[in-house]
Amino acid sequence: MTGPCFLLDTNVLLHDATALEAFDEHHIILTVDVLEELDRFKRENDERGRNARRVIRTIDELRQRGPLREGVPLPGGGKLFVLVDNYADHLPTGMDRAIPDNRILGAALYLSQEGVDVRFITKDLNARVKGDALGVRSEDLLRSTVNFDELYTGWTEVDCPGEVITSFYATGWAEVAGDFHPNEGILLRNAANPKQTALGIWNSVGKRVEKLVHEETRPWGLQALNLQQHFALELLLRDDIQLVSMLGQAGTGKTLLALAVGLHKVAEQKVYRRIMVSRPIMPLGRDIGYLPGSKEEKLASWMEPIFDNLQYLVDPQMEQSGDKVDYLFDTGVIEVEAVTYIRGRSLPKLFIIIDEAQNLTPHEIKTVVSRAGQDSKVVLTGDAYQIDNPYLDASSNGLTYVVERFKDQPIYGHITLAKSERSRLASLAADLL
């Protein structure tokens, strides 16, 4: 084997079923342990199981081109090799050879010792650490990743003369210099008098900043409490913006804002038929089929944060909130759904909220968003610092991937919420702990 060769961990293929196409003209190596793990995961009914089945079908098609042990051509110009020998003996005595990941690392170590320029590719952070300790070059799959530190925040501040702001209030628009994304929130500020400000949104067609249409709107009685919440409500309330994403820590109001606008649009304005709320079911293994009870009963405990927000919205004094929330579900104003069950559905004229979207892979996000039918709106909320999926991080999760890929689309808007409005204690906990 000449040139860099990439030995893939199983989790890479479970994360991205098209990973075999990601290495251009370079060779890809799989061990028999990877094939056995794929066989074990193929029985699952979630995204991981579907990816396992898809990869197995791809490998089956490739083997028609020749013996996998000797290498079969890949579309990019490289070859796929499958190693069937046991390379566990090459591991240090302290490593458990019964662990498949360690045996895969043993193969990488053997190839490295044989002079092969091998890179061990894995989504498992600890496996990368162990690989590095063994002297094996270990890397994450960088496909579908973004630079989180430079992620688009959805708004910017522009210094301008006071007369521009005065004219903006009089006409409802202003021309300012700069490169902006469609529907980007803009804070106009007079540099000579910083207290003179105005809020606007970038119109990418007219190439100008326009006044917020919904600056005074209070959906379901909810009022924006800070700058970013004003921008968020504008994006949520505008029907021409079909996809909205909101990033922020606990207490910034992401879910509350989305639910308030959803209730306003469904129960009051009748723009959408109903609200559909979904969350990834990470601790439950992503599939609720084995749990007893109806779908609603299975989801009830995992949807408690949604119910808490609804109770606050329908009855801020929390006196009869339970009955009022039940009424919303009984009358079909709102429904809950597991992300797993959205696949294959067509969802027309719905206000769809995907909470905790940072726990979805880019492919899972694509599956969800592509289900949105005619006249539907999709709202993605999440906190990139609170990821429960062991193979995702702030740079590789589906939510940040959407922000990077959609930021130039006129039907999309994003806002990063920075200020917690839950309580002073909650704000301090988020900042200090």
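The values are calculated or read from the model by the stated rules, or taken from the named source; none is laboratory data. Just so you know, these numbers come straight off a predicted model, no measurement behind them. Note that each Cβ is placed from the backbone with ideal geometry, even for glycine, and that neighbours are counted across all protein chains shown.
Restricting segment 113-154 to residues that are among the charged types (D, E, K, R) and in a helix (DSSP H, G or I), which is nearest to Leu20 (Cα to Cα)? Talk me through it step by step, then tell me what you get.
At the first step, the residues of segment 113-154 found to be among the charged types (D, E, K, R) are 114, 117, 119, 123-124, 128, 130, 132, 137, 139-140, 143, 149-150.
In the following step, the residues that additionally are in a helix (DSSP H, G or I) were identified as 128, 130, 132, 149-150.
Details: Arg128: 19, Lys130: 23, Asp132: 23, Asp149: 28, Glu150: 28 Å.
Top of the filtered list is Arg128.
Is segment 372-390 home to any residue that is farther than 15 Å from Ala258 by Cβ, modelled with pLDDT under 85 and in contact with a helix residue (DSSP H, G or I) (Cβ under 6 Å, 6 or more places away or on another chain)?
No - not one qualifying residue is present in segment 372-390.
Testing Glu157 on (1) assigned to a strand (DSSP E or B); (2) touching a residue at least 40 places away in the same chain (Cβ under 8 Å); (3) within 24 Å of Leu247 (Cβ to Cβ); (4) of a type in the set (D, E, K, R), one condition comes back false. Which one is that?
(2)
From the list Leu380, Leu310, Leu399, pick out the single residue that is in a helix (DSSP H, G or I), closer than 23 Å to Trp220 by Cα and among the aliphatic types (A, V, I, L, M).
Of Leu380, Leu310, Leu399, the one residue that is in a helix (DSSP H, G or I), closer than 23 Å to Trp220 by Cα and among the aliphatic types (A, V, I, L, M) is Leu310.
Which fully enclosed strands (runs of 3 or more DSSP E) of segment 174-273 have 3 or more residues being in the same structural domain as Lys419 (by TED's automatic domain parsing) and not acidic (Asp, Glu)? So that I can check it myself, show each step before the final result.
Working: elements: 185-190, 193-203, 208-211, 243-248.
Once the strands (runs of 3 or more DSSP E) in segment 174-273 are filtered for at least 3 residues that are in the same structural domain as Lys419 (by TED's automatic domain parsing) and not acidic (Asp, Glu), what remains is 243-248.
For segment 27-82, what are the residues that are touching a Pro at 6+ places or on another chain (Cβ under 8 Å), surrounded by fewer than 20 Cβ atoms within 10 Å (Cβ to Cβ) and under 30 Å from Asn359 (Cβ atoms)?
Correct list: Glu36 only.
Consider Ile365 carefully, then state whether it is modelled with pLDDT of 90 or more, closer than 17 Å to Met246 by Cα and not in a helix (DSSP H, G or I). Lay out the reasoning, then the answer.
Details: modelled with pLDDT of 90 or more: yes; closer than 17 Å to Met246 by Cα: yes; not in a helix (DSSP H, G or I): no.
So Ile365 does not fit the description; no.
Does segment 406-414 include one or more residues that are assigned to a loop (DSSP other than H, G, I, E, B) and among the hydrophobic types (A, V, I, L, M, F, W, C)?
Here is the first cut: in segment 406-414, the residues assigned to a loop (DSSP other than H, G, I, E, B) are 407-411.
Subset that is among the hydrophobic types (A, V, I, L, M, F, W, C): 411.
Within segment 406-414 (the criterion being assigned to a loop (DSSP other than H, G, I, E, B) and among the hydrophobic types (A, V, I, L, M, F, W, C)), the answer is yes, since at least one residue qualifies.
For Gln374, indicate whether it is more than 10 Å from the chain's Cα centre (by Cα), within 20 Å of Ser278 (Cα to Cα) and without any contact (Cβ under 8 Å) to a residue 60 or more places away in the chain.
Details: more than 10 Å from the chain's Cα centre (by Cα): yes; within 20 Å of Ser278 (Cα to Cα): yes; without any contact (Cβ under 8 Å) to a residue 60 or more places away in the chain: yes.
Spelling it out, Gln374 is indeed more than 10 Å from the chain's Cα centre (by Cα), within 20 Å of Ser278 (Cα to Cα) and without any contact (Cβ under 8 Å) to a residue 60 or more places away in the chain.
Just to be sure, is Gly106 more than 28 Å from the chain's Cα centre (by Cα) and without any contact (Cβ under 8 Å) to a residue 24 or more places away in the chain?
Numbers: more than 28 Å from the chain's Cα centre (by Cα): yes; without any contact (Cβ under 8 Å) to a residue 24 or more places away in the chain: yes.
Yes; evaluated as a whole, the condition is true for this residue.
Give segment 54-91 a look and list any residue that's among the hydroxyl-bearing types (Ser, Thr, Tyr) and at pLDDT below 95, or say none.
Our first condition is that a residue be among the hydroxyl-bearing types (Ser, Thr, Tyr); within segment 54-91, this holds for 58, 87.
The answer is Tyr87, and nothing else.
Would you call Ile354 under 16 Å from Arg279 (Cβ atoms) and β-branched (Val, Ile, Thr)?
Values: under 16 Å from Arg279 (Cβ atoms): yes; β-branched (Val, Ile, Thr): yes.
Yes; evaluated as a whole, the condition is true for this residue.
Kindly establish whether Leu105 is in the same structural domain as Ala17 (by TED's automatic domain parsing) and in a helix (DSSP H, G or I).
Criteria met by Leu105.
Which residues, taken from segment 65-103, are closer than 20 Å to Asp24 by Cα and under 34 Å from the mean Cα position of the chain (by Cα)?
Within segment 65-103, Pro73, Leu74, Pro75, Gly76, Gly77, Gly78, Lys79, Leu80, Phe81, Val82 qualify.
Consider Ala19 carefully, then state whether it is at pLDDT below 95 and crowded, with 18+ Cβ neighbours inside 10 Å. Before you say what the answer is, go through the steps one by one.
On the way: at pLDDT below 95: yes; crowded, with 18+ Cβ neighbours inside 10 Å: yes.
Here the answer is yes, as Ala19 does meet what is asked.
Which residue, of Leu392, Leu350, is of a type outside the set (D, E, K, R), closer than 16 Å to Val339 by Cα and either touching an Asp or Glu at 6+ places or on another chain (Cβ under 7 Å) or crowded, with 20+ Cβ neighbours inside 10 Å (or both)?
On the way: Leu392 fails: closer than 16 Å to Val339 by Cα.
Of Leu392, Leu350, the one residue that is of a type outside the set (D, E, K, R), closer than 16 Å to Val339 by Cα and either touching an Asp or Glu at 6+ places or on another chain (Cβ under 7 Å) or crowded, with 20+ Cβ neighbours inside 10 Å (or both) is Leu350.
Quick check on segment 135-166: of everything there that is crowded, with 16+ Cβ neighbours inside 10 Å and of a type in the set (Ser, Thr, Tyr), which residue is farthest from the chain's Cα centre (by Cα)?
Top of the filtered list is Ser138.
Can you give me the number of residues within segment 277-307 that are modelled with pLDDT of 90 or more and either surrounded by fewer than 22 Cβ atoms within 10 Å (Cβ to Cβ) or out of contact with any Leu (no Cβ under 8 Å at 6 or more places or on another chain) (or both)? Give the derivation first.
Within segment 277-307, the first condition is being modelled with pLDDT of 90 or more, and the residues that meet it are 277-278.
When the remaining residues are screened for being either surrounded by fewer than 22 Cβ atoms within 10 Å (Cβ to Cβ) or out of contact with any Leu (no Cβ under 8 Å at 6 or more places or on another chain) (or both), the result is 278.
Of the residues in segment 277-307, 1 are modelled with pLDDT of 90 or more and either surrounded by fewer than 22 Cβ atoms within 10 Å (Cβ to Cβ) or out of contact with any Leu (no Cβ under 8 Å at 6 or more places or on another chain) (or both).
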